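To start, the structure under review is shown below, and the notes come after it.
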Amino acid sequence: MPDEETDLCSQIKALKEQLEYHKKQLEYHKENDVLTQIYNKSTFYRKTAELLQKRVNYIIICIDIEKFSFINALYGNKIGDEILHYLAGHLKNSLEGEAVIGRISGDIFAVCLEERQQKIFLENIFAIFAEAPLPMKLVPAIGICPAEKNTAVSFLCDWAIFALRSIKRNYFQHVAVFNDSVRGKMLEEQELLGIAEQALSDGEFKLYFQPKCNMNNGKIAGAEVLVRWWHPKKGMIMPGVFIPLFEKNGFIEKLDTHIWEKTVQWLKTRIASGENVVPISVNISRTDITNMDVYLVLTGLVEKYAVNPQLLELEITESAYIDKSEEIINLSAKLMDYGFIVLIDDFGSGYSSLNILKDIKANILKLDMRFLETENKKGKDIIQSVVYMGRWLNMIIITEGVEKQEQVDFLRKIGCTYAQGFFYHRPMEQSAFEELIGNPKSIDYAINNYLSDDNYMPIDISALIQENVLGSQLLEKIMGALAIYSYKDDKLHLQQTNEEYGRIIQDKGLGKNAETDIIHFLDKRTQEKIKQNMKKVLLENVPVDMIAALEKRDKSRYWFKIRLFTVAELYRRSFFYMSIFDVTESMGKFFDND
Ligand code: C2E
Ligand code: CA
Ligand code: CA
């Protein structure tokens, strides 16, 4: 054969091989989830349906990651992705017998396996989660559904997920089985969803009012509107039952728009007939913010009824700031510019990271006493820190869930003025509330003068952090090990550290106290990288994460995850927070493999 021909032949062969390779790649991507390298949803459904044809008892297990959005917000999406990858790989490797595994949505894995493997696999799940390369404890929420041959796999998964939702965020229970009682609950929910629209037009959703009181005199400074569903047969249904459902199916936007309009109407009617009013707050659901133009709706309402926006207070839950932080930060700023009063509801409920909070502007912080007291004993310290910081900034703090005299005494002692809780009033019907504020002596006008005062300045949380008025307890709780550096003329100076930081320093034998600068133990390249990253943080105003290895003279090696973010610029110096997580045990292995 002439040379040219051989050449051509080998070229064609190479092209064919390439084509084959790309075909395989394409096939692979069609069937698998690129990020975790296990089956994607449709492949999982198909392979499971095939498996279920065998004469064996199978079950479906769905595994969700508790607080996954919190992990993404705190450590960054890259770490979030790595966690998904880690979990998928380890869960897959721990399967015994004939089994199928896939990722069926953002942070939900589904597994189909033989029933007799259930016990051991559950143990594996907990072990894998516990050993995840993350400084915080990773917890699964697990739903199990017995597999039926003739039911679509998508239904089986939905049922397993329904079971797991019933225990999501439950501190004590992490596994739920889809049984008759869960099925009953599901049907009940479906029934409620089916009749919601009709119930709204029949006027079954009623506004209840819960006063907010000045603890110095017990007078009413405002009220929160809370919805109640008066069902003709079932009686009163609480929002805790139906709000989460409506948030899932989108009906919440309709309901909230209705509640907001009724509230503005109420204000209008009272003002028009010369009766007393107080500012009224309404709740804004996080899904409202994603799915509708909240700004347009609210400004439209106050314009339609010609009501001063200062009378309408908007409660946005702190956890909403996590998922869509930028969107919500912008929205609340815009609403405040228009004249609405914005409250951060459930402030300090645990999802907060200072990192996010430092960008939020709001008028009022609402703390929940119940949460803070049950979660840990440090609750009182946290309340105290937040109240101090509020006082320092001339800010309004409202404590919610106040039930007992001793709580009132404590709050008054530390200088908190406003409270909402059963101690003063339970949520009440509109007529009862109108009667209550009918008497002008029952109203506390101080808060309103305060909010309309020109000297009044909305809370800027970055200022709090800069002055370190957020109590160290709060810092410990939210951030772990922390060091504050100032940075000027390309030099870093350690300013302050917290207890947890000191613990790491001592633990690793780096020094005797927390004044030791961990950066000195890192090699020159890593030190440079830290400086570069600080510049990046300054320029782009986003937190930057990095992994640093630390090698001691005795050759022992530790791994740290370092997160840098700015706190403030003061006296022409920049101040940085550097949070440090010891990830030696888990991350070491993880990153070596990479
Ligand atoms: P939230 O906004 O944190 O409202 C405060 C909840 O705490 C209310 O429960 C209130 O009745 C309760 N509460 C107030 N003081 C005390 C107290 O001293 N002790 C105890 N044990 N509870 C107290 P409720 O009315 O059941 O509402 C639950 C949640 O449902 C609300 O929590 C809010 O997130 C949501 N919600 C209520 N109404 C609406 C609404 O119209 N729209 C939206 N999107 N969500 C709503
Ligand atoms: Ca609220
Ligand atoms: Ca609340």
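The values are calculated or read from the model by the stated rules, or taken from the named source; none is laboratory data. The model shown is predicted, which means the values in this text are computed figures rather than measured ones. Here Cβ is always computed from backbone atoms with ideal geometry, including for glycine, and neighbour counts include all displayed protein chains. Quick note on the areas: whole protein, heavy atoms, side chains included, nothing else; ligands and nucleic acids left out. Shrake-Rupley method; radii C 1.70, N 1.55, O 1.52, S 1.80 Å.
Observations on the model:
- Hits in segment 412-435 - residues which are open to solvent by less than 50 Å² (accessible area, probe 1.4 Å) and away from ligand 3 (no atom under 16 Å from the Cβ): Ile414, Gly415, Thr417, Met428, Ala432, Phe433
- Verdict on Ile71 being within 23 Å of Lys168 (Cβ to Cβ) and touching a strand residue (DSSP E or B) at 6+ places or on another chain (Cβ under 7 Å): no
- Among the candidates Ala160, Ala130, residue that is within 25 Å of Asp33 (Cβ to Cβ) and open to solvent by less than 50 Å² (accessible area, probe 1.4 Å): Ala160
- One residue alone among Ala196, Ala221 is modelled with pLDDT under 95, touching a helix residue (DSSP H, G or I) at 6+ places or on another chain (Cβ under 6 Å) and not assigned by TED's automatic domain parsing to the domain that holds Asp158, and that residue is Ala221.
- The residue that is nearest to ligand 3 (Cβ to nearest atom), among those in segment 299-343 that are among the polar types (S, T, N, Q) and within 25 Å of the chain's Cα centre (by Cα), is Thr317.
- Any chance Leu192 is more than 16 Å from ligand 3 (Cβ to nearest atom), more than 18 Å from Thr287 (Cβ to Cβ) and open to solvent by less than 60 Å² (accessible area, probe 1.4 Å): no
- Single unsatisfied condition, Phe246 versus (1) under 23 Å from the mean Cα position of the chain (by Cα); (2) within 16 Å of ligand 3 (Cβ to nearest atom): (2)
- Pairs are defined by a Cβ separation below 7 Å, a sequence spacing of at least 6 or placement on different chains, a first member in segment 33-50 that is in the same structural domain as Phe109 (by TED's automatic domain parsing) and closer than 18 Å to Glu114 by Cα, and a second member that is open to solvent by 60 Å² or more (accessible area, probe 1.4 Å) and aromatic (Phe, Trp, Tyr); the pairs so defined are Lys47/Tyr39.
- Just one of the listed residues (Leu311, Leu357, Leu298) is modelled with pLDDT under 75 and away from ligand 1 (no atom under 11 Å from the Cβ), and it is Leu357.
- Annotation note: of Ser94, Ser69, the sole residue that is over 30 Å from Ala481 (Cα atoms) and of a type in the set (Gly, Ala, Ser) is Ser94.
- Hey, Glu313 part of a strand (DSSP E or B) and either open to solvent by 10 Å² or more (accessible area, probe 1.4 Å) or closer than 14 Å to Val342 by Cβ (or both) or not: yes
- Being open to solvent by less than 30 Å² (accessible area, probe 1.4 Å) and either modelled with pLDDT under 95 or small (Gly, Ala, Ser) (or both) is true of Ile167.
- For segment 369-383, filtered to residues that are within 16 Å of ligand 2 (Cβ to nearest atom) and surrounded by 21 or more Cβ atoms within 10 Å (Cβ to Cβ), the residue that is modelled with the lowest pLDDT is Leu372.
- The residues on offer are Leu245, Leu267, and the sole one that is touching a strand residue (DSSP E or B) at 6+ places or on another chain (Cβ under 8 Å), in a helix (DSSP H, G or I) and more than 14 Å from ligand 2 (Cβ to nearest atom) is Leu267.
- Only listed residue being within 16 Å of ligand 2 (Cβ to nearest atom) and either part of a helix (DSSP H, G or I) or out of contact with any His (no Cβ under 8 Å at 6 or more places or on another chain) (or both), chosen from Tyr208, Tyr295: Tyr208
- Qualifying residue in segment 215-238 (condition: touching a residue at least 12 places away in the same chain (Cβ under 8 Å), assigned to a helix (DSSP H, G or I) and within 16 Å of ligand 3 (Cβ to nearest atom)): no
- Checking Val408, Val342 one by one, the residue that is within 24 Å of Phe565 (Cβ to Cβ), modelled with pLDDT of 65 or more and within 16 Å of ligand 1 (Cβ to nearest atom) is Val342 and no other.
- Scan of segment 526-561 for residues that are exposed (fewer than 13 other Cβ atoms within 10 Å of the Cβ) and within 14 Å of Glu585 (Cα to Cα), ordered by number: Ser556, Arg557
- Flag if Leu95 is in a helix (DSSP H, G or I) and in contact (Cβ under 8 Å) with a residue 24 or more places away in the chain: no
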